[in-house]
Amino acid sequence: MPSLSVLVTLISLLPLLCHSFSPEAPTNRRLLVLLDDLSLQSSHSIFFHSLISRGFDLDFKLADDPTLSLQRYNQYLYDGLVLFSPTAHQFGGALDFQAVLDFVDSGHDLILAAGASASDLVRSISRQCGVDFDEDPSAVVIDHNNYAVLGTQGDHTLIASDDFIQSDVILGKNKIEAPVLFKGIAHSLSASNSLVLKVLSASPSAYSANPNAKLSYPPSLTGSAISLVSVLQARNNARILISGSVDMFSNQLFKSAVQKAGSSRKYEKSGNEQFVTELSKWIFHERGHLKAVNVRHHKVGETDEPAIYRINDDLDYSIEIYEWSGKSWEPYVAGDVQVQFFMMSPYVLKTLATDQKGLYHTSFKVPDVYGVFQFKVEYNRLGYTSLSLSKQIPVRPFQHNEYERFITTAFPYYGASFTTMAGFFIFSIDFMYYNCCLACTQRWCWPATWSFGAKAKSRQASTNLAGVDSNLTFWGQKSHQFSENYTKRGIIVKSSVFLDNHYPALLRKVILKEVVACSCCLWDSMREGGGRGI
């Protein structure tokens with residue numbers, strides 16, 4: 001018996017599994033249609049047959065049916081809900097106000113048509129969707145300038161409107177030539193909800209009031225503030241249609257001829273059928289539904305996706321975007337798809353190029369900032385489902401052996417350093433070898449060749465230096481330091497020099513015999529022995 005109950009459960013879920021929403025075929029297929037009266041099934045048959053011909057499975061029930069339920073075993077039984085029950089004060093079975101909102105919050109679609117004397121339940125559902133119907137339950141839309149001439153009513157409540165939203169995605173590429181006939185109540189859009197759009201608007205001369213009563217005060221809804229049909233696409237891509245007229249979907253208005261007041265042109269058929277059919281295609285995701293696949297990123301010149309990037313890396317990013325045409329996925333072509341390289345704020349924002357076949361790609365350099373980044377694609381376009389994609393990727397700094405040996409921005413400092421060294425070298429040469437004393441007869445004084453022994457000879461002739469006292473003394477037997485002291489014209493010059501270690505260790509006292517007097521020259525000649533300088 002337990003196995004039998006499990007089998008029964010699986011069989012009951014089989015229709016659900018076959019008709020559930022699928023990313024591979026996003027069109028909603030199983031619809032629940034709630035009616036005030038089952039006669040609407042025949043009076044609105046053209047609209048319902050158009051849905052069936054497009055592959056939808058319609059389940060008609062009265063709004064107060066005690067068996068109503070949108071889900072079973074925590075799985076929704078339907079993909080869309082059509083409410084043609086404007087006077088229902090409560091739903092039957094397990095369906096209530098909150099169940100309808102939860103149905104939409106789960107990503108499912110809704111068509112709601114109201115009418116005169118709309119119930120509080122219908123008004124509450126509409127209010128939650130960003131639409132406020134006129135509070136006067138007896139008020140309808142009246143237009144004395146844009147009414148339908150062929151209408152039998154003399155109160156001008158059957159109006160002809162051709163103020164459509166300019167969107168090929170929502171209403172299709174084929175232009176709706178004939179005006180749409182509307183007889184119902186007005187509604188306005190909530191200022192706090194930016195997602196609601198007017199699809200069919202009233203003319204500036206329209207207003208909402210009770211046609212059977214005199215106006216004692218100005219109407220609350222007038223002119224372009226009145227919306228006849230509105231749509232909403234939620235952030236979860238659920239789509240909602242709200243109309244103030246259930247008669248707009250009827251066979252009578254579908255087939256009715258129309259002539260707008262003030263116009264000589266007469267249309268044999270109103271634009272209702274085309275308008276409602278095209279709008280229902282958008283509502284049930286037969287048009288304007290996008291999907292993104294094959295998101296890739298890698299370094300330039302490589303194909304594998306890395307686990308981490310390094311700052312200043314060059315990378316490629318690509319993504320494929322397709323649109324559902326009602327039967328198959330077609331490449332989506334647009335020039336406004338962008339990708340962000342994001343960490344707290346976008347560091348890189350690039351527009352993706354397309355190959356006209358659904359592939360979008362771009363290349364950019366990783367910013368010189370390390371941390372945890374995200375590739376983000378946030379695409380929101382009127383009439384299309386929104387795309388929100390993100391992928392996290394870390395970015396590391398350079399390792400110690402990856403930095404450049406010479407930094408380009410430091411070249412001025414490098415140049416300043418080498419210029420300073422070169423200048424010091426030139427200054428040293430000039431200071432050491434330039435002839436700065438009056439006693440020298442030559443401009444340049446070159447250093448003498450030193451030798452120690454019996455005698456020391458110079459490769460430069462000695463010079464008579466009158467008035468110069470000079471002596472050269474070595475201290476100590478193993479000392480490598482000697483000192484020169486001489487005086488010329490009252491200036492005492494002292495210098496100390498260290499000899500290289502390769503000189504003989506045993507040095508005796510030597511006295512300068514001949515010397516070139518300038519301080520920038522080396523001693524020109526030395527001899528062993530005693531005596532004073534010249």
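In region 286-304, the qualifying residues are those that are under 24 Å from the mean Cα position of the chain (by Cα) and among the basic types (K, R), and the one that is farthest from K376 (Cα to Cα) is K299.
The residues in region 226-266 that are among the hydroxyl-bearing types (S, T, Y) and in a strand (DSSP E or B) can be counted, and the count is 3.
Does region 343-359 include one or more residues that are surrounded by fewer than 17 Cβ atoms within 10 Å (Cβ to Cβ) and within 26 Å of L232 (Cα to Cα)? The answer is no; no qualifying residue exists. Contact annotation: residue pairs with Cβ atoms under 7 Å, 6 or more positions apart or on different chains, pairing a residue in region 150-172 that is charged (D, E, K, R) with a partner that is modelled with pLDDT under 90 and not in a strand (DSSP E or B), are D155/P211.
Beta carbons closer than 7 Å, at least 6 apart along the sequence or on distinct chains, pair a first residue in region 340-354 that is of a type outside the set (V, I, T) with a second that is outside any strand (DSSP E or B) and crowded, with 17+ Cβ neighbours inside 10 Å for L352/V337. Looking only at residues in region 337-364 that are in contact with an Asp or Glu (Cβ under 8 Å, 6 or more places away or on another chain) and of a type in the set (S, T, Y), the one that is nearest to W324 (Cα to Cα) is Y360.
For region 172-198, the candidate set comprises residues that are hydroxyl-bearing (S, T, Y) and in contact with a strand residue (DSSP E or B) (Cβ under 7 Å, 6 or more places away or on another chain); within that set, the residue that is modelled with the highest pLDDT is S188.
Conditions (1) in the same structural domain as N251 (by TED's automatic domain parsing); (2) at pLDDT 90 or above; (3) of a type outside the set (S, T, Y), marked per residue:
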| residue | (1), (2), (3) |
| --- | --- |
| S270 | yes, yes, no |
| Q274 | yes, yes, yes |
| V293 | no, yes, yes |
| H297 | no, yes, yes |
| Y309 | no, yes, no |
| I319 | no, yes, yes |
| W329 | no, yes, yes |
| Q340 | no, yes, yes |
| M343 | no, yes, yes |
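Any residue in region 231-249 that is of a type in the set (S, T, Y) and either at pLDDT 95 or above or in the same structural domain as E177 (by TED's automatic domain parsing) (or both)? Yes, the conditions are met somewhere in region 231-249.
Scanning region 200-218 for any residue that is closer than 27 Å to E330 by Cβ and either in a strand (DSSP E or B) or outside the structural domain of N146 (by TED's automatic domain parsing) (or both) turns up nothing.
Residue pairs whose Cβ atoms lie under 9 Å apart, separated by 6 or more positions or on different chains, with the first residue in region 324-335 and in contact (Cβ under 8 Å) with a residue 60 or more places away in the chain and the second of a type in the set (D, E), are W324/E286; W324/E330; G326/E286. If the condition is being in contact with a helix residue (DSSP H, G or I) (Cβ under 7 Å, 6 or more places away or on another chain) and assigned to a helix (DSSP H, G or I), then region 141-168 contributes no residue at all. When V300, V293, V246 are screened for being in contact (Cβ under 8 Å) with a residue 24 or more places away in the chain and either surrounded by 18 or more Cβ atoms within 10 Å (Cβ to Cβ) or aromatic (F, W, Y) (or both), only V246 passes. Within the bounds of region 46-66, is there any residue that is free of Cβ contacts under 8 Å to residues at least 60 places away in the same chain, more than 30 Å from S263 (Cα to Cα), buried (at least 16 other Cβ atoms within 10 Å of the Cβ) and of a type in the set (S, T, N, Q)? No, every residue in region 46-66 fails to be free of Cβ contacts under 8 Å to residues at least 60 places away in the same chain, more than 30 Å from S263 (Cα to Cα), buried (at least 16 other Cβ atoms within 10 Å of the Cβ) and of a type in the set (S, T, N, Q).
Report every pair of residues separated by at least 6 positions or lying on different chains whose Cβ atoms are under 7 Å apart, first residue within region 374-393 and without any contact (Cβ under 8 Å) to a residue 24 or more places away in the chain and assigned by TED's automatic domain parsing to the domain that holds Y322, second assigned to a strand (DSSP E or B) and acidic (D, E). From residues that are without any contact (Cβ under 8 Å) to a residue 24 or more places away in the chain and assigned by TED's automatic domain parsing to the domain that holds Y322, the pairs are S388/E378. Among the conditions (1) of a type outside the set (K, R); (2) surrounded by 15 or more Cβ atoms within 10 Å (Cβ to Cβ); (3) more than 21 Å from N272 (Cα to Cα), V229 misses just one, which is (3). For region 126-167, name all the residues that are of a type in the set (D, E) and touching a Lys or Arg at 6+ places or on another chain (Cβ under 9 Å). Residues satisfying the conditions are D132, E135, D162, D163.
Hey, does region 82-96 have a residue that's more than 18 Å from R127 (Cα to Cα), surrounded by fewer than 23 Cβ atoms within 10 Å (Cβ to Cβ), free of Cβ contacts under 8 Å to residues at least 12 places away in the same chain and out of contact with any strand residue (DSSP E or B) (no Cβ under 9 Å at 6 or more places or on another chain)? The answer is no, given that none of the residues of region 82-96 is more than 18 Å from R127 (Cα to Cα), surrounded by fewer than 23 Cβ atoms within 10 Å (Cβ to Cβ), free of Cβ contacts under 8 Å to residues at least 12 places away in the same chain and out of contact with any strand residue (DSSP E or B) (no Cβ under 9 Å at 6 or more places or on another chain).
For the residues S124, S69, S138, the requirement of being free of Cβ contacts under 8 Å to residues at least 40 places away in the same chain and in a loop (DSSP other than H, G, I, E, B) singles out S69. The set of residues in region 377-400 being within 22 Å of V300 (Cβ to Cβ) and either crowded, with 17+ Cβ neighbours inside 10 Å or of a type in the set (F, W, Y) (or both) consists of V377, I393, V395, F398.
Count of region 97-121 residues, restricted to those that are in a loop (DSSP other than H, G, I, E, B) and crowded, with 18+ Cβ neighbours inside 10 Å, is 6. Note down all Cβ pairs under 6 Å where the first residue falls in region 412-427 and is in contact (Cβ under 8 Å) with a residue 60 or more places away in the chain, the second is loosely packed, with under 10 Cβ neighbours inside 10 Å, and they're at least six residues apart or on different chains. So the pair list comes out empty.
The values are calculated or read from the model by the stated rules, or taken from the named source; none is laboratory data. Note that the structure is predicted; figures quoted are calculated from it, not measured. Note that each Cβ is placed from the backbone with ideal geometry, even for glycine, and that neighbours are counted across all protein chains shown.
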